[in-house]
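Structure record follows, encoded as structure tokens.
The values are calculated or read from the model by the stated rules, or taken from the named source; none is laboratory data. Computed from a predicted structure; not experimentally measured. Quick reminder, even Gly has a Cβ in these numbers, built from the backbone with ideal geometry, and neighbours come from all protein chains shown.
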């Protein structure tokens, strides 16, 4: 085991055991058996350490999502992904807050990968003509809603005593974005579907694809 890995393991343990979600670099160094100069040489500063810890904890969850076989219906994958996201937040509240409710100078990389995996599911829905808006916009809406209700469950349990709040929010978001859940404008659905397939088309030049994408965005 490398020194970096040992520090991350001990920091993750201390974070999980912390009542407030705060850990000190001194405590991490003592637990890992290293000096503070070693920690700062490897991670730059405390924010760098916390960002690396968040990515380590999130890594197991993201690995599960990477390895998951897509189901025949991407809408099922969207719902399952939402529920898994909420469950992860409740199991690892402090690591979750480091990604979605902190002002770290060093940003954890987990957020960008989580967004990419989410957009992959939404791309499949768009390709099937079932998404009312562009996948990138839908991904922002879904992530904002999912993380918002997860933070509510973590930070305001007196206001959100039941996990059913997450399910209700999920169904409302799905109803707004997916044509299966609510009747949509056929023109909007067609434009969104065509835009989803445009990137893989070799029929147009890059300039033509850019222009067509702009027109489709207006229609959608």
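Overview of values
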| quantity | calculated |
| --- | --- |
| Residues that are under 13 Å from residue 77 (Cβ atoms) and surrounded by fewer than 21 Cβ atoms within 10 Å (Cβ to Cβ), drawn from the stretch 114-134 | 117, 119, 120, 123, 124, 128 |
| Residue that is modelled with the lowest pLDDT, among those in the stretch 10-37 that are within 19 Å of residue 106 (Cα to Cα) and crowded, with 16+ Cβ neighbours inside 10 Å | 21 |
| Within the stretch 135-151, tally of residues that are surrounded by fewer than 21 Cβ atoms within 10 Å (Cβ to Cβ) and closer than 18 Å to residue 164 by Cβ | 4 |
| Residue that is surrounded by the fewest Cβ atoms within 10 Å (Cβ to Cβ) [pool: residues in the stretch 38-63 that are over 13 Å from the mean Cα position of the chain (by Cα) and within 16 Å of residue 88 (Cα to Cα)] | 60 |
| Within the stretch 131-146, considering residues that are in contact with a helix residue (DSSP H, G or I) (Cβ under 7 Å, 6 or more places away or on another chain) and without any contact (Cβ under 8 Å) to a residue 60 or more places away in the chain, the one farthest from residue 174 (Cα to Cα) | 136 |
| Residue check, residue 169 in contact with a helix residue (DSSP H, G or I) (Cβ under 9 Å, 6 or more places away or on another chain), surrounded by 12 or more Cβ atoms within 10 Å (Cβ to Cβ), modelled with pLDDT under 65 and closer than 23 Å to residue 82 by Cβ | no |
| Qualifying positions in the stretch 64-78 - crowded, with 17+ Cβ neighbours inside 10 Å and either more than 19 Å from residue 118 (Cβ to Cβ) or out of contact with any helix residue (DSSP H, G or I) (no Cβ under 6 Å at 6 or more places or on another chain) (or both) | 75 |
| Residue 14 within 15 Å of residue 93 (Cα to Cα) and part of a helix (DSSP H, G or I) | yes |
| Spans of helices (runs of 4 or more DSSP H) in the stretch 25-101 with at least 2 residues closer than 22 Å to residue 153 by Cα | 46-67, 74-91, 93-100 |
